[in-house]
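Everything below concerns the one structure shown next.
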Amino acid sequence: MSDAHASPGRAWSEEGRLAALAACRVLGVEGGPAFDEITRLACLVCNAPVGLISLVGRERQWFLSETGFGTRQTGLDSSICASALHHEGVFVVTDLSQDPRYAGMEIVTGPRRLRFYAGAAVRTPEGLPLGMLCVFDTEPRPDGLTKLQEAMLTSLARQAALQLNLRQREDEIEQGRAALIRFFNRAPVGLLQADLEGRVTYINRHYAELLGVSPSQMFGKRLADRVHPDDAEAHASALARALGGEDGVVLEKRYVTPSGAEAWSSDHVTVTRDTDGKPLNVVFVSRDITERLRITAQLAASERKFRAIADTMPQMVWSTLPDGAADYYNQRWYDFTGVPIGTHDGDAWNRAVHPDDRERALARWRLSVEGGEPYEIEYRLRHHSGEYRWVLGRALPVLNMAGQIERWFGTCTDIEDIKRSEEARNLLAHELSHRIKNIFAVVSGLVSLTSRGDEAARPFAQSFRERLNALSMAHEYVRPGEGGAAQAEGLSVFGLMRMLLRPYEGDGRERYRFNGDDPEIGAKTATALALVMHEQATNAVKYGALANEGGQVLIEGAVDGDTYVLRWREMGGPPVEGPPERRGFGTDMASRSAAGQLGGTILHDWARDGLVVTLVIPLANLAR
């Protein structure tokens, strides 16, 4: 007969019960000593040979503990606990062989020949039955269990539930601890916990890598043993300060790895305490600063090298912030100006510039700072002796990856001696030019005097004076210094050529033809170009197209991208037998002028029907 001591109603769902069972993560796992002890006590209290703590799954039941049963699981077709779950209180079957629900089960008809069953549900804190704590007997028990036995069985079932819940909490704690350790190991900093004696109780992967060991090699070891001897005192002091209650203790120190390498660390030391403020352990949060210090040392070395190089340069070297505020001058600046070393303010620079040049230099500097254009200007700067000397100021911006100005670097070069040399050279050039003009005038006067009494010589003398005047005008065009015609604005390549070639015109015949682009030129370019073209004209008169009556020269100009091509083409002259056996002084001078002063190239094509000379000049150089 069966005896249920509670109604079969329930306030839970099977799916909810199975979900709670799965959350316990104990299916297929042996319960261990705590559960075995509960099972033995249940058998002892109920005077039963067989006891089980069963967990009923969807298709099978698993025994966390068993006494006298001999197996750890069965199918639900042999499970009395599966139906007992649906009853409150202690579920009792006095004789299994007489209960049609269980009489045909193998545990009743088989070798075990079980007859009596009593069980109390093992429930979650929410009341969901996960299984049963039950006892079996091989003899029927018409009277079932006593009240005391039922109370003890119910109490033991609660103990089993508490143990199950405790194990679940322990599993969750362990999972949380494992997750925390995984988090700590993925943290971008080193984490280490030590007891109050300094022995390591936890260390993450980053800290272990800093020390050059595996985490397992540090457990139970003293962290102080890894500290560099020169930093041991600072390490002990920081630890004492933290234990003494100081917050935010930070120190930088070196560790020595097993290989002998030094690793720099920035450690933040804190102490965890109990509710009474008593220290429990010490926590070190570490950042590996070895690479940062190495880079800092390299930057410092680079800075020292830069300063050493800058201080040995003959120029004054300086730098400014993007807004133009000076933040560095080399030693040469202080030696030159005599201002106190370390003075970086812009007023010091302004005061050192000559009053007549100050506004011009400042305006040019503002233009560069605002527009990012290279800075170049000549001005006078006060020497420490009180003398103002000419300097050439230059600066370029340094750009970051975004194309923004990070700072300016510049130099000031003392060009006072160069200026004086230029003045002396210009004075000498003016003197030579004056004397040459006088020679032209004297020769022209002598020709006039000589032909005055000779009517037959007058046409020759007139033609000769005209050629002398043309040579004089060409000289005036290219002479250096102020007053030279080449310094007038608006003069062009062909204008220069016509003036230079006028002395070689012949009796009204057109010996030269011009074709193509005719850009304007500056004074420096005119001087160099005049030397080159005068050499071509002289050689043409002596050996080329102008050496006979029928020869001509075609002069062509063409702008080709960022270059200007000027071509001298001779026609109708004597046949050209090839390049000369040796280059004359004039040809060498022309080639040097083309390369050095014009920044271009000159090519000679010794074609048999006439020499072709091609001069290629950067377009930007024409205006100089």
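The values are calculated or read from the model by the stated rules, or taken from the named source; none is laboratory data. Here the structure is a predicted model, which is why all the values come from computation and not from measurement. Note that each Cβ is placed from the backbone with ideal geometry, even for glycine, and that neighbours are counted across all protein chains shown. Accessible surface areas use protein heavy atoms only, side chains included; no ligands, DNA or RNA. Shrake-Rupley method; radii C 1.70, N 1.55, O 1.52, S 1.80 Å.
Structure summary
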{"read-out": "Degrees between helix 232-243 axis and first principal axis of the chain (Cα, 0 to 90, nearest 10)", "value": "50"}
{"read-out": "Distance-filtered residues of region 286-301 - backbone nitrogen under 13 Å, label point 7 angstrom along residue 252 Cα→Cβ", "value": "287-300"}
{"read-out": "Accessible surface of the chain [probe 1.4 Å, protein heavy atoms]: carbon and sulfur percent", "value": "55"}
{"read-out": "Computed P(r) (all Cα pairs; the chain; 10 Å bins; percent)", "value": "3, 10, 11, 8, 9, 9, 7, 6, 6, 6, 6, 6, 5, 4, 2, 1, 0, 0"}
{"read-out": "Proximal aspartates and glutamates to residue 437, defined as alpha-carbon separation beneath 19 angstrom and excluding residues fewer than eight positions away on the same chain", "value": "466, 476, 482"}
{"read-out": "Degrees, to the nearest 10: 147-186 long Cα axis against longest axis of the chain", "value": "10"}
{"read-out": "Virtual spin-label span in nm between residue 356 and residue 177, 7 Å along Cα→Cβ", "value": "8.9"}
{"read-out": "Approximate shape of region 109-258 as ellipsoid semi-axes (Cα gyration tensor, √5λ), whole Å, largest first", "value": "59, 17, 14"}
{"read-out": "Accessible area in square angstrom per residue, the chain, 1.4 angstrom probe", "value": "54"}
{"read-out": "For region 419-428, Karplus couplings with θ = phi - 60° (6.51, -1.76, 1.60), whole Hz, Gly/Pro x", "value": "4, 5, 5, 5, 4, 5, 5, 5, 4, 5"}
{"read-out": "Linear extension gain, residue 548 paired with residue 604, 0.36 nm per residue minus alpha-carbon span", "value": "18.0 nm"}
{"read-out": "Value of [θ]222 nm, deg cm²/dmol, for the chain, DSSP H segments ≥ 4, -39500 (n - 2.57) each, nearest 500", "value": "-12500 deg cm²/dmol"}
{"read-out": "FRET efficiency for residue 228 and residue 413, using Cβ-Cβ distance with R0 set to 60 Å, rounded to 0.05", "value": "0.75"}
{"read-out": "Region 3-138: Cα Rg divided by the 2.2 N^0.38 Å rule of thumb", "value": "0.98"}
{"read-out": "Segments 153-163, 74-84, 220-230 sorted - mean Cβ within 10 Å per residue, highest first", "value": "153-163, 74-84, 220-230"}
{"read-out": "Using a Förster distance of 41 Å, the FRET efficiency for residue 309-residue 510 (Cβ separation, nearest 0.05)", "value": "0.10"}
{"read-out": "Accessible surface of residue 437 - all protein chains present, 1.4 Å probe, nearest 10 Å²", "value": "90"}
{"read-out": "Solvent exposure ordering (accessible area, 1.4 Å, most first) of 214, 65", "value": "214, 65"}
{"read-out": "Estimated distance in nm for a label pair at residue 619 and residue 325, the labels positioned 7 Å out from Cα along Cα-to-Cβ", "value": "4.3"}
{"read-out": "Residue-by-residue Karplus 3J(HN,Hα) for region 275-285, coefficients 6.51, -1.76, 1.60, Hz, glycine and proline x", "value": "5, 8, x, 6, x, 10, 7, 10, 10, 10, 10"}
{"read-out": "Net charge of Cβ neighbours under 15 Å - reference residue 57; Lys, Arg +1; Asp, Glu -1", "value": "+1"}
{"read-out": "19 Å Cα-Cα reach of residue 524 towards lysines, excluding residues that sit fewer than 8 places from it in its own chain", "value": "419"}
